[in-house]
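For reference, the structure discussed in these notes is given below.
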Amino acid sequence: MKLRSKNIIRFIIVMILQCIGYLPSFAANDPTLTQPLLGSSGQVFVNATSTVTDQPNPFLTIEHTHIINNMVSAGIEEESKFFIPSDFKATIKLHIITYNQKLQIDEESDKEFTIDYTKAEGTKYNGNQYLYLKNAYQVKVTITAIEKNVDWDVTKVLRIDNTLTATRDYVFDCFAGIKGLTTVLDNGNNELTASWQDPHTGLTEYDLEWAWVDESALASYQDNNQFTAEKIFNNNATRVTISNVAYNIPLLYDGQGRLFVRVRPAQIKHDGQRIEGAWTWQNAGQPVYFSYNGHENFLNWQASTSFAEEGKRKSVVQYFDGKLRNRQTVTKDNSTNTTALAESFYDYQGRPVIQVLPAPTLNSIIRYSKNFNKAINFSGYPKWAYDKLVPNMGICANPAQALDNTTGTSQYYSPNNEKAKLPGNNPDKYIPDAEGYPFTETRFTPDGRVAAQGGVGASHQLGSNHETKYIYEAPDQKELDALFGTDAGYAPHYFKNFVKDANGQYSVSYTDMHGRTVATALAGNTPENLDALPSFNSESFTKQLIDEQTNTISGTSILTTKALAVPKAGLYKFNYELNPDQFKLLNCNKAEICYDCLYNLKITITSDCNTDGFPYVVTDSNFTLNGKLDGLQCNGNGKTTGFFSKDFEVQLPEGGYTISKVLTLSDSAKNIYKEVFVANNTCKTFQDFYDTEYKLLVEKSNCELTCESCKESIGVDLAALPRNLLNNQA
């Protein structure tokens, strides 16, 4: 008997725990009731009345009414379409009657509201625009008089509000289960509609849960061949809390499986206590589920869904190609039930260069839309329509082709949008016309950095002079020292980046080796549509283009490449000086001969945007080749005779440039030097070399100067000796 008693107590405690919970941030309020008098609808006039009455839920039993809040207010109707021509002052007199729970008159009073409107300062009120009342089950408001200080009809822009909000608790039966739980596929949205019957048990809201189980794992969620709710929902469920008796569940699951659902009622008391009823997950003794074969099983995709109050949600699905690059992003929310699609296109190098604006699709189903955006007179948008970066054309030329405005995003942002043609107060008629360019285009430098980026619309595409351009260069040491002092450090540890916006304004940023911005500034001329800063100033300085970081040796050439940003068009002066090395040798007469390093110089200035007149090429040499080279005698001061200086001026428009220098040893000069060397430094003849070697041979062998003696001494076959040598011996 004791054991049985304990079991009964334990059972009661468990049932209470299942029926009680806490969520202190909510209250059990009936819907707010309001009865406005709108001047734009002609409702503000003398003797006009507004009555609002408490309306408790007729299907529920009231447990306790905590408070009823009433408010009467008067003011400007912000939504009125009537124009306010001048300042005004208006006084509205109201007669207010409140009623008790039996709808008997409780109290009567008169109230004045004065609206003082000044156009220069906006709407002003004199402080008594709201009248708060409590526990009135019915409030009747009557306009008794309207006074004004202008001759035009001010009532068209005024409003009076009569509002009632009741806070009460209803009797809640937490053991009453929900009936009629069913699921139906909504083919128009490709969503699963879960619905049930309202039990009218004093509930405030419902908890709806669903869980996906893969078909291959069904056995893991069963006991004795029967599905169990604990295994299905405890660790793998998605829950929404709603007040309706139906909800659409997005079907964004991969492969074949089953979607199980369950629901329970809940009530939030005035003190914040949340009471939850029993879960219902079966219908006629069988689990409620929906068999589904999967979403886009032949595509790579990733889905994410975010939820808000009352089951509001937004689902975002990204579709990827075989290299897992995002091709399309489809977004849908269940508030507007609209599907929006954004698309990306990649160039031949696999870089995302075209970003198409999101636009609504023709249906509300989340799916991949093949050829949603098309080139004109083409079935899709191929790479040749936008990847048109060709040699010697620059990074700012050849913008992408326009999209066909009879389909996809280009149609939505065009006069062909059918929704924009609807009459009346249609917000879609204000959608701008992209003129076939509802996308942004990005161009990259050869090393992968962003070089230029077009905007949306034809007037902001690449080559329009309203795109955004990016120029990269290295700061000069003198520049850093002048701006920040010598504490700035070593110049190669910094980067200097220019950005030209659509207005033509250059912004400069100095970043360190970690990519952190250490300073910003504006550069270039002030655009015509902007005012110059009071601190605007310009200074000229000399920039060193050749340094240890840019000078490299390749074979017999010295190469230098440096980026140069020109934020302000003008005449730029260049100076190149060369003091080459010198090699000294003594000739046969012991006289010193100097061999200068003789070079061919080529300087090329290339524009990043294929500006007319570029590339600009300058060539020079530090010698004159006329079949011989003069000045081989070393002068007294030891300086080379090959020193030269090259000065030139170039008119540079705004933009980015690459300055390259190639200094190459002259092959022609080397050939002449070879002849000079042979003529001046070959001091012995062939006979001299022969006599020397012959003498060494004789001294080593101790043979007589006859052929026979030498033959016997050294064993040389005379027939094998060269004929001219035998003749000389003879």
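The values are calculated or read from the model by the stated rules, or taken from the named source; none is laboratory data. Here the structure is a predicted model, which means the values were calculated and not measured. Virtual Cβ from ideal backbone geometry, glycine too; neighbours counted across all protein chains shown.
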Inset, instruction - Consider G424 carefully, then state whether it is crowded, with 17+ Cβ neighbours inside 10 Å and not charged (D, E, K, R). - result: no
Residue hits (the stretch 275-316; closer than 24 Å to S216 by Cα and not in a strand (DSSP E or B)) are W281, G285, V288, N293, G294, H295, E296, N297, F298, L299
In the set K543, K496, the lone residue that is under 30 Å from D612 (Cβ atoms) and either among the acidic types (D, E) or part of a strand (DSSP E or B) (or both) is K496
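When you check Q197 against the structure, is it surrounded by 20 or more Cβ atoms within 10 Å (Cβ to Cβ) and either of a type in the set (S, T, N, Q) or not in a loop (DSSP other than H, G, I, E, B) (or both), yes or no?
Answer is no for this residue.
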Original post:
Is one or more of the residues making up the stretch 157-166 charged (D, E, K, R), part of a loop (DSSP other than H, G, I, E, B) and over 30 Å from T280 (Cα atoms)?
Top reply: no
Among residues of the stretch 117-128 being exposed (fewer than 15 other Cβ atoms within 10 Å of the Cβ) and either modelled with pLDDT of 60 or more or in contact with a helix residue (DSSP H, G or I) (Cβ under 7 Å, 6 or more places away or on another chain) (or both), the residue farthest from H66 (Cα to Cα) is A120
Filtering the stretch 350-381 down to residues that are exposed (fewer than 13 other Cβ atoms within 10 Å of the Cβ) and in contact with a His (Cβ under 9 Å, 6 or more places away or on another chain) yields none
message = Within the stretch 424-433, does at least one residue satisfy the condition of being of a type outside the set (A, V, I, L, M), part of a loop (DSSP other than H, G, I, E, B) and in contact with a strand residue (DSSP E or B) (Cβ under 9 Å, 6 or more places away or on another chain)?
response = no
Conditions (1) part of a loop (DSSP other than H, G, I, E, B); (2) at pLDDT 95 or above -> E209 fails only (1)
Per the filter on the stretch 250-264, residues within 22 Å of S306 (Cβ to Cβ) and aromatic (F, W, Y) are Y253
Of the residues in the stretch 478-507, those that are free of Cβ contacts under 8 Å to residues at least 40 places away in the same chain, of a type in the set (A, V, I, L, M) and under 29 Å from C396 (Cα atoms) come to V499
So, K140, is that one in contact with a Phe, Trp or Tyr (Cβ under 9 Å, 6 or more places away or on another chain) and assigned to a loop (DSSP other than H, G, I, E, B) or not?
no
Apart from one, (1) in a helix (DSSP H, G or I); (2) surrounded by 19 or more Cβ atoms within 10 Å (Cβ to Cβ); (3) at pLDDT below 90 all hold for I395; the odd one out is (1)
Residue hits (the stretch 502-561; within 19 Å of E654 (Cβ to Cβ), under 23 Å from the mean Cα position of the chain (by Cα) and surrounded by 13 or more Cβ atoms within 10 Å (Cβ to Cβ)) are A502, G504, Q505, Y506, S507, V508, S509
Log entry, pairs with first residue in the stretch 356-383 being over 19 Å from D333 (Cβ atoms) and in a strand (DSSP E or B), second being of a type in the set (D, E, K, R) and at pLDDT 90 or above, beta carbons closer than 7 Å, six or more apart or on different chains, reads V356/E343; A375/D404
Those residues of the stretch 215-253 which are within 20 Å of R313 (Cα to Cα) and either among the basic types (K, R) or in a loop (DSSP other than H, G, I, E, B) (or both) amount to N236, R239, S243, N244, V245, L251, L252, Y253
